[in-house]
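Colleague: Let me give you the structure first, and then I'll get to my questions.
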Amino acid sequence: MRIALPLLPSVLYLLALFVYPFCYGVVASLQPRGTVGFSLGNYLAFFLDPWQARTLWVTASIAVPNTLLTVLLAVVVAYPMRRGIRFERTITTLLVLPIALGTVLVAEGINGFYGPKGWLNQLLLAAGIADPTRLTHNYTGVMIALFVQHFPFCFLMLLGYISGIDPALEQSARVLGARPWQVFRRVMWPLIAPGVAIAAALVFVMNFGVFPSAVLVGQPAGETRTVAIAAYQAAFERYDMPMASAIAVVMGGCQLAGLAVILFFRQRMSATGVATVGAGKR
Amino acid sequence: MPPAIQSLRFRLTKRFGAKTVLDDFALEVQGREFVTFLGPSGCGKSTALNLLAGLLEPTEGEIWLDGARIDPLPPEARGFGMVFQNYALFPHLSVFHNVAFGLELRRVPRAEIEARAGRVLALVQLSGLEHRYPAQLSGGQQQRVAIARALVVEPRVLLLDEPLSNLDAKLRLEMRGEIKRLHAALGLTAIYVTHDQAEALSLSDRVVVLRDGRVMQAGSPADIHDRPENLFVADFMGYRNLFPITVTTGGAAGRVVGSAGALTLAGRAPRPLASGARGVAAVRPEDLALTSESTGTNVLKGRVRLTEYLGREHDLEVELDSGHTIKARVAEPVAVGTAVGLRVAPERVVMLPAEGGA
C-alpha cells in the first residue's frame with residue numbers, strides 16, 4: 001500500500017483519460033446505431049464493405065513500406081554520425097525542425113515544394129522536363145509527408161542508441177581483423193538491432209494512424225483513404241459514433257498486431273543472446 | 001606461435017588541432033621485448049598505442065615492422081592484438097565466440113578454431129566458462145577473456161592499454177604476474193601503457209617515460225628507478241624529497257656536493273653539474289635510514305613532525321634543523337616530537353639540473 005499511494009495520481013490520470021474512454025469506445029462499438037443490446041454488427045459491416053475494408057490494405061501499404069524506409073535511412077544516416085561529425089548540431093537542428101513545426105505546416109511545405117506549381121516542378125519545367133511525375137495528392141505525397149515527420153524522431157532515437165555503444169568495442173573488432181562492414185554486421189548491428197526494433201515499432205504505430213497527411217497531401221477519397229479517414233467520416237460525416245468506434249478499435253488492433261510482430265522478432269534475437277544487453281551496458 | 005618479429009620501429013607525431021599530443025616520439029622495439037610507455041594522464045602514451053594499432057592516424061611519422069611500412073595499413077591489416085582498459089568484450093557473444101572472433105574473420109577452419117580457442121582459454125585459466133556471456137563474468141575473468149581474445153590470433157605485437165587499472169589491488173597483482181608469465185612463455189613482443197610505476201618496473205624490459213608527448217627518459221626499469229635523468233622522472237618514480245640546491249663542489253658525472261642554506265648533501269649527478277650551478281637533490285624516502293651518528297656525510301638531524309603507520313614500515317615527516325622538511329620511510333616506529341638523525345648514502349642522492357636546464 002505504501003507503494004500504491006504515490007502512484008495514485010498517475011493511475012487516476014490513466015483511468016480518466018485513457019482507460020475509461022478506451023473502454024467506452026469498445027463498448028460503444030458493440031452497440032450499433034439504432035439497435036438494442038450488443039452485437040458485432042459494426043465490425044461485420046466494416047469488413048463486409050469493400051470500400052471500408054480496403055482502408056486497412058491502403059493504410060498498411062503506406063505504413064509498412066514507410067516504416068522500413070524511415071528506419072533504414074535513419075540507420076544509414078545515424079551510423080556514420082556515431083562518433084560525432086562536423087556541423088552535427090546544425091544538422092541535428094535541421095532534422096528536428098519538422099517535429100517542431102507540426103503536421104499541417106509540413107504538409108503545406110510539401111504542397112508548396114513538391115506540388116504541381118511547386119518549386120520542384122518549376123525547376124523541372126525550366127530544365128525542359130515537360131511532364132514531371134505528380135508527387136502530391138497521391139500515395140507519394142503521403143509517403144513524403146510521413147517520412148519528413150517521422151525520420152527526425154527515428155534518427156534521433158537511433159543516434160542516441162548507436163552512439164551509446166562503447167567505441168572500444170568497435171576498435172577491438174578492428175584490431176582483431178574486422179573490416180568496417182564486418183564491424184557493423186558482427187558487432188554493431190547485433191547491439192543496435194533491439195533499438196532499431198523499438199524505433200520501427202513506434203514509427204509503424206504512428207504511420208498506421210496517419211490522418212492529417214493523408215488528407216492534406218494525399219488523395220483522401222481514393223488511394224490514400226486510410227483507416228483513420230474512414231473513422232473520421234463515420235464519426236463526423238455520418239455521425240455514426242458506434243461505427244467510428246468500431247473502426248478505431250480495428251485500427252488499434254492492427255497497430256497492436258504490428259507491434260507484436262516486431263517485438264516477436266526482437267524477442268527471438270534476445271533468445272539467441274543478441275539482445276540480452278542494451279547499448280553501452282555490460 | 002609464429003616466429004617473433006625482429007623489430008617494430010616508429011617515429012610519430014600527433015596533433016589534435018593546435019595541440020601536440022605526441023611530439024616526434026621515436027623508438028625501436030625489439031622482437032620479444034616488453035616495452036612500457038609510462039606517464040601521467042595526458043602524456044600521450046595511449047595516443048601512441050592507438051597510433052600503433054591504427055585506430056588513430058599520425059599527423060606525421062612512419063611505422064615500420066620488420067622492414068615493411070605499416071602506418072598506411074588499416075588496423076585490421078596490421079596483425080596486432082590489443083587489450084583495452086575496459087576489456088571491450090563483445091557483450092552479445094559468449095566467451096568462446098569472443099575468443100573465436102579474430103579466427104573466424106581469418107577464415108580459420110572450425111575444428112582449428114575450437115582447438116586454438118580451447119588452448120588459449122586454458123592458458124588464461126578460463127576452461128569451462130566458454131558458454132558464459134561477458135556480463136556473467138567477474139572483472140578478472142573479463143580481463144582474461146580480453147587477453148585470450150588478443151592472444152589467440154597470434155599477434156605480431158600485443159598492445160595493452162592500462163589493462164589492470166579497472167581491477168582491485170589484489171587482482172591487479174595477480175594479473176600482473178599472469179601477464180608476465182604469458183609474455184615469458186609465449187615470447188611475445190608487447191607494448192604496455194600504464195601510469196603505474198610499479199607495473200612498469202615489474203613487467204618491462206624497457207620503460208619509456210613520457211610527458212606532454214615527449215620522451216623524458218627511456219631505459220631499463222633499474223635505470224629509470226635508480227638513475228632518473230631529470231626532475232620529472234625523479235618525481236614520477238617516487239623521489240619525494242626534492243631540495244633545490246646550489247652546487248658547491250661540482251665535477252664530471254661523479255660526486256657532487258650541493259647545499260641549500262644549512263643543508264648540505266653529497267650525491268651523484270647523471271649529467272655534469274658545474275660548481276655554482278643550480279640543481280635539485282632528489283632523495284627517496286625509502287633510502288633514508290635512522291642513524292645514531294651526529295655528524296658525517298649526509299647525516300641530517302631533525303625532529304619528527306608526523307608519522308604514518310604502513311604495516312611493515314613507518315612514514316615519517318621530519319623537520320630538519322636546517323628548516324627543510326624531509327619524508328623518510330623507516331623500519332622502526334618513532335614517536336612524534338622525537339629528535340632523530342637520518343642518513344642517506346651519497347650514491348642514493350641524485351643531483352639533477354634545476355628544471356629548465358633539464
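Colleague: For region A:51-271, what does the alpha-carbon gyration tensor say about shape, rounded, prolate or oblate, given a ≥ b ≥ c as the root eigenvalues, a/c under 1.5 as rounded, and a/b over b/c as prolate?
Modeller: oblate
Colleague: Roughly how many whole Å is it from the C-alpha centroid of region B:288-347 to that of region A:72-120?
Modeller: 72 Å
Colleague: Let me ask you something else. With a/c under 1.5 counting as rounded, go ahead and sort region B:282-358 into rounded, prolate or oblate using the C-alpha gyration tensor (a ≥ b ≥ c being the square roots of the eigenvalues; past the cut-off, prolate if a/b is larger than b/c, else oblate).
Modeller: Because a/c hits 1.5 or more and a/b exceeds b/c, region B:282-358 counts as prolate.
Colleague: Still on this structure, I have one more. Calculate the FRET efficiency for residue A:163 and residue B:310 from the Cβ-Cβ distance with a Förster distance of 45 Å, rounded to the nearest 0.05.
Modeller: In this case the efficiency is close to 0.50.
Colleague: So, in Å, what gap is there between the alpha-carbon centers of region A:12-47 and region A:177-227?
Modeller: A separation of 30 Å, based on Cα centres.
Colleague: Which lysines, if any, have their Cα less than 22 Å from the Cα of residue B:19, not counting same-chain residues under 8 positions apart?
Modeller: Partners within reach: B:45.
Colleague: Apply the a/c threshold of 1.5 to the C-alpha gyration tensor of the protein assembly as shown and tell me whether it is rounded, prolate or oblate.
Modeller: prolate
Colleague: Please give the charge dipole size of region A:51-271, origin at the Cα centre, charges +1 on K and R Cβ atoms and -1 on D and E Cβ atoms. Round to the nearest 20 debye.
Modeller: It works out to roughly 700 debye.
Colleague: Scan region A:63-150 for trypsin sites (Lys or Arg not before Pro) in coil per DSSP, keeping those whose Cβ has at most 13 other Cβ atoms within 10 Å, and list them by number.
Modeller: Hits after loop and neighbour filter: A:83, A:86, A:117, A:134.
Colleague: Set the Förster distance to 60 Å, then compute FRET efficiency between residue B:185 and residue B:338 from the Cβ-Cβ distance, nearest 0.05.
Modeller: It comes out at approximately 0.75.
Colleague: Continuing with the same structure: What lysines does residue B:180 reach when the alpha-carbon gap must be under 19 Å and sequence neighbours fewer than 8 apart in one chain are set aside?
Modeller: Correct list for residue B:180: B:170.
Colleague: Straight-line reach only, C-alpha to C-alpha below 18 angstrom: list the lysines that residue B:301 could link to, leaving out same-chain residues fewer than 8 apart.
Modeller: Straight-line reach from residue B:301, under 18 Å: B:327.
Colleague: Which of A:204, A:22 comes first, and how do the rest follow, when ranked by fewest Cβ neighbours within 10 Å?
Modeller: A:22, A:204
Colleague: On to the next question. Test of understanding: ordering A:58, A:261 by Cβ neighbours within 10 Å, fewest first, what list do you get?
Modeller: A:261, A:58
Colleague: How crowded by other chains is A:184-191, given as the mean number of beta carbons from other chains within 10 Å of each beta carbon?
Modeller: Taking all residues of A:184-191 together, the mean is 3.
Colleague: Ranked by Cβ crowding within 10 angstrom, fewest neighbours first, how are B:287, B:71, B:23 ordered?
Modeller: Fewest to most other Cβ atoms nearby, the residues stand as B:23, B:71, B:287.
Coordinate-derived values only; no laboratory data. Here the structure is a predicted model, which is why all the values come from computation and not from measurement. Neighbour counts run over all protein chains shown; Cβ positions are idealised from the backbone, glycine included.
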